[in-house]
Structures are given as structure tokens and as C-alpha cells.
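The values are calculated or read from the model by the stated rules, or taken from the named source; none is laboratory data. Note that this is a predicted model, so its numbers are computed, not measured. Here the Cβ is made from the backbone with ideal geometry for all residues, glycine too, and neighbour counts use every protein chain on show. Surface areas here come from the heavy atoms of the whole protein model, side chains and all, with no ligands, DNA or RNA. Shrake-Rupley method; radii C 1.70, N 1.55, O 1.52, S 1.80 Å.
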Amino acid sequence: MNITLRVWRQKAPGDEGRMVTYQVEDVSPDMSFLEMLDVLNEKLTLAGEDPVAFDHDCREGICGACGVVIDGVAHGPERTTTCQLHMRSFSDGDVITVEPWRAKAFPVIKDLVVDRGALDRIIQSGGFISAPTGTAPDAHAMPVPKADADRAFDAATCIGCGACVAACPNASGMLFTAAKVTHLGMLPQGQPERQARVVNMINQHDEEDFGGCTNIGECAAVCPKGIPLDTISQLNRDLLGALASGKA
């Protein structure tokens, strides 16, 4: 396939960015989207031009580092991570627009690379437990109802890619925060900090300049791991309970 790319180029955080058009020829449908960007960067490097900066690590859909907005959709037209998106999802002659995550809490570092440290700081504010659980077999010996274990596991699959933030019209990180709160809140080991955790993580979320949640649902629609929207409802219940108890 022959593809036309419109890519956001921005040399540094304080620079004014712009869209730049590139042609990429002989693209195999079996290439991943990142492999196609590799081909573009090899072409730019050979021409003595600055290659397009983009984040990636495992390229196996696990780490979440690879996220970009493709044709206005976080991670692109398939519900997966950008590294697992293949060019067979596009057609010969397509014009594809590639942009970074756009949110005040995710400042652009260069081109398609953004600083997602805000998500790390949300976890640092409360995404931990203090209960001594011993070794893994000891922790597994603690009985947990299957429904609670399944719920915790589903929430724990969040990879922190930030697609929920990029998709939300308010640039809210509430689905991410809710996944972390729900993951630990469903387990007995997470109970000692349950009330303080939700308050601290919400406060940190707001301090990082994420927007407020208005339950539009775009976050869950693009989440590559399928984190359900009702985790936000659980976060809200925990928050109201903590505030009502006065113990948070």
C-alpha cells in the first residue's frame, strides 16, 4: 500500500507544533502501525531529516507506552494498543492523521511523545497496601469471593496507557484512577487504606489538571483492555463513603 501520513511535529515542549505530510510507499498490510513509522523514520534518517519521535517499549500490547491518536481515535480504528494495530486496518491511498495524546496533564515532550508522569503520581498517592501478606503462597491462602477476585482482576488489567484521557472531551483520567481504586478496593489486603486511598488519588487526579468526569463513556470505548465504565461508579461510591465517614 501507499500511505499519506499527516504527523504532528513539535521539536520541544515550548515550541509551536505543526502537521507535516509524508508519503510512505510499499507498506505491507502485515506491518504494525509502529513498524510503518519505523519505515518512515528510516527514510527520514537516510534523507538527513529528524525522525519522528514516538513512544514504544514492549510492542506486545502490554506496557501501554505506544499510544497515539490516529484519525482522531486513541490507538486508532481497532480496540487495541497502537503497537498491535496492523496496516491491514487501512486501505491503499489512505490519508492518516497521527497526533499525540492531547491533555493539559500530558504535556508534549517532542512530536508524538508526551509526559504521562501524572498517572504515576496518582498511583504514588494511594495505589499501595500496608497489610503484610508474606510470600505469594501466603497471600493466595487468604479467601476472596470469586466475584470480588474477578472484579479486581478486570480492573488490574489497566496498563496506564492514557487512552481514556486522550479520548475524553474533558481530558479526565477518571477511568484510570477508578481502575486502580477498584483493583485494590475489592481485595481484603486493600481494606486498611480503602477510604484514604480514594480521597488521596482523587485529590492527586485533580491536582494534575485532569478534567472532571461527566460519564460520556468515550474512555471505556477506546480502552484497549476493556476496563468497564462502572468502575467509575464504584470509585464514586467509595469516595462518598469516605467523605461521609469523616475518616479519610
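Compared with the alpha-carbon gap, the fully stretched path from Glu16 to Glu60 is longer by 12.6 nm at 0.36 nm per residue. Across the cross-link table entries Lys11/Lys43; Lys43/Lys225; Lys43/Lys104; Lys104/Lys225; Lys146/Lys225; Lys11/Lys180, which are compared at the Cα atoms, the separations over 29 Å belong to Lys43/Lys225; Lys43/Lys104; Lys11/Lys180. In this calculation the C-beta distance from Asn203 to Arg6 is compared with R0 = 30 Å, giving a FRET efficiency of 0.20. For the stretch 80-131, trypsin sites (Lys or Arg not before Pro) meeting the loop criterion (DSSP other than H, G, I, E, B) and having at most 12 other Cβ atoms within 10 Å: Lys104. To put it simply, the accessible area of the stretch 3-110 at a 1.4 Å probe is 47 percent carbon and sulfur. Our estimate of slack between Ala149 and Ala47, defined as 0.36 nm per intervening residue step minus the Cα-Cα distance, is 31.3 nm.
Between Gly76, Gly93, Gly190, the GNM of the chain built on Cα springs shorter than 10 angstrom shows Gly93 fluctuating the most. Is the shape of the stretch 73-119 best called rounded, prolate or oblate, per the rule: a/c under 1.5 gives rounded, else a/b larger than b/c gives prolate, else oblate, with a ≥ b ≥ c the square roots of the Cα gyration tensor eigenvalues? Taking the square roots of the gyration eigenvalues as a ≥ b ≥ c, the stretch 73-119 is prolate.
Structural size metrics of the chain, computed from C-alpha coordinates, are Rg and Dmax of 20.1, 64 Å. Secondary structure note: in the stretch 3-110, about 75% of the DSSP beta bridges are antiparallel. Residues considered: Ala156, Ala178, Ala12. Largest GNM mean-square fluctuation over the chain, using C-alpha springs under 10 Å, is found at Ala12. Distance between the C-alpha centres of the stretch 1-58 and the stretch 162-203: 34 Å, rounded to the whole angstrom.
Computed over the chain, the per-residue total of -39500 (n - 2.57) for DSSP H runs of n ≥ 4 gives a 222 nm mean residue ellipticity of -11000 deg cm²/dmol, rounded to 500. Sorting the segments 161-172, 140-151 by their residues' average number of neighbouring beta-carbon atoms within 10 angstrom, most packed first, yields 161-172, 140-151.
You can think of it this way: the chain between Thr97 and Ala131 has 7.5 nm of extra reach, that is 0.36 nm per residue less the Cα-Cα gap. Calculated accessible area for the stretch 3-110 comes out at 50 Å² per residue, all protein chains present (probe 1.4 Å; ligands, DNA, RNA ignored).
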